1. Name the residue, out of Gly165, Gly143, that is in a loop (DSSP other than H, G, I, E, B), in contact (Cβ under 8 Å) with a residue 60 or more places away in the chain and either under 25 Å from Glu90 (Cβ atoms) or assigned by TED's automatic domain parsing to the domain that holds Leu110 (or both).
2. Condition test on Phe240, is it at pLDDT 95 or above and within 18 Å of the chain's Cα centre (by Cα)?
3. Is at least one residue of segment 146-153 outside any helix (DSSP H, G or I) and farther than 22 Å from Asn235 by Cβ?
4. Give the residues of segment 1-31 that are part of a helix (DSSP H, G or I) and more than 21 Å from Arg242 (Cβ to Cβ), sorted by residue number.
5. Looking at Lys67, is it of a type in the set (Lys, Arg), under 30 Å from Gly113 (Cα atoms), over 18 Å from the mean Cα position of the chain (by Cα) and not in a loop (DSSP other than H, G, I, E, B)?
6. I'd like to check something: does segment 85-99 contain any residue that is closer than 22 Å to Val163 by Cβ and buried (at least 20 other Cβ atoms within 10 Å of the Cβ)?
7. With the requirement that a residue be surrounded by 20 or more Cβ atoms within 10 Å (Cβ to Cβ) and among the polar types (S, T, N, Q), what does segment 220-240 give you?
8. State which residue is farthest from Asp224 (Cα to Cα) when the search covers only segment 191-208 and only residues that are in a helix (DSSP H, G or I) and free of Cβ contacts under 8 Å to residues at least 60 places away in the same chain.
Amino acid sequence: MRILLVQRAEKFSPNSVEKDKAILEAVGARLMAAGHQIDMVSEEALEAPEQYDRIMTMGRLPETLDKLKALNAINSSTGIANCARCKLEEMMRRIGMPIPPREGVHGYWLKRGDAAAQSKGDVQFAATKNELQTKIQEFEARGITAYTVSAHVPGDLVKFYGVAGTGFFRYYYPTDDGDTKFDDEQRNGSARHYHFEVEALQACTEQLAKAVGISVYGGDCIVDETGAYSIIDFNDWPSFSRCREEAADAIAALGMEDVRKLKGS
């Protein structure tokens, strides 16, 4: 089978270009070892994807999503588009996901809502309502009129990674290893490692992945001292840098399962 791997545009991989490339290459190596013909292309150079039997994509450009919309890809164009924060927050509220409240006493997070964060400036912390209003005005001056606002939640910041339907799920504390994209994780301080039900979080994120329409996903949540968690971020196909080899096994297995289904159809 001919399988196309689509690389993410560098603007959507702030501080993570090589990490994002590495997970896609790792998946490609496994598929090639299984006997499939593999091509990898940047989404800016994507042409004639319909010529391939299967597509696995990290692309986020609107034109990429449009080209792949009618094709059966991992992840789907619709699912990737649903990960834009405004759409995602609306969906999470509708299906009852645990998310931060809009109001609180520990400050606020202002996040770009029309697309994934492309720079540190797309995610801003404001200690007060007045500072929040100032930052909203700064967003609007940059042409960002779609954004979300949520209250800051104290607790452990936990990063999670999953491949829906494969049983693969991992979680990590960024302050344990210091691996961070924008250093916003430091706002919550060093992890206390509050106990929480990992299986419940996995089930919750699998439900969200299904609702959004993606299979390869990652995100962040805050776990408070009671063990309750709030999902603060959810996105399509992260770099899996903390668990790349295991994740690549799961993603490749997912791709090969889909190929078997296509052969049988």
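The values are calculated or read from the model by the stated rules, or taken from the named source; none is laboratory data. Every value quoted in this text rests on a predicted model; they were computed, and no experiment measured them. Note that we place each Cβ from the backbone using ideal geometry, even for glycine, and neighbour counts take in every protein chain shown.
1. Numbers: Gly143 fails: in contact (Cβ under 8 Å) with a residue 60 or more places away in the chain.
Of Gly165, Gly143, the one residue that is in a loop (DSSP other than H, G, I, E, B), in contact (Cβ under 8 Å) with a residue 60 or more places away in the chain and either under 25 Å from Glu90 (Cβ atoms) or assigned by TED's automatic domain parsing to the domain that holds Leu110 (or both) is Gly165.
2. Working: at pLDDT 95 or above: yes; within 18 Å of the chain's Cα centre (by Cα): yes.
Considered against the rule, which asks whether it is at pLDDT 95 or above and within 18 Å of the chain's Cα centre (by Cα), Phe240 comes out as yes.
3. Taking segment 146-153 and keeping what is outside any helix (DSSP H, G or I), we get 146-153.
Imposing the further condition that a residue be farther than 22 Å from Asn235 by Cβ reduces the set to none.
Checked segment 146-153: no residue is outside any helix (DSSP H, G or I) and farther than 22 Å from Asn235 by Cβ.
4. Initially, segment 1-31 is screened for residues part of a helix (DSSP H, G or I), giving 10-12, 17-31.
Of everything in segment 1-31, those that are part of a helix (DSSP H, G or I) and more than 21 Å from Arg242 (Cβ to Cβ) turn out to be Glu10, Lys11, Leu31.
5. Working: of a type in the set (Lys, Arg): yes; under 30 Å from Gly113 (Cα atoms): yes; over 18 Å from the mean Cα position of the chain (by Cα): yes; not in a loop (DSSP other than H, G, I, E, B): yes.
Judged against the criteria, Lys67 is a match.
6. For segment 85-99, residues closer than 22 Å to Val163 by Cβ and buried (at least 20 other Cβ atoms within 10 Å of the Cβ): present.
7. Asn235, Ser239
8. At the first step, the residues of segment 191-208 found to be in a helix (DSSP H, G or I) are 198-208.
Keeping just the survivors that are free of Cβ contacts under 8 Å to residues at least 60 places away in the same chain gives 198-203, 205-206.
Numbers: Val198: 14, Glu199: 17, Ala200: 15, Leu201: 13, Gln202: 17, Ala203: 19, Thr205: 18, Glu206: 21 Å.
Here the residue is Glu206.
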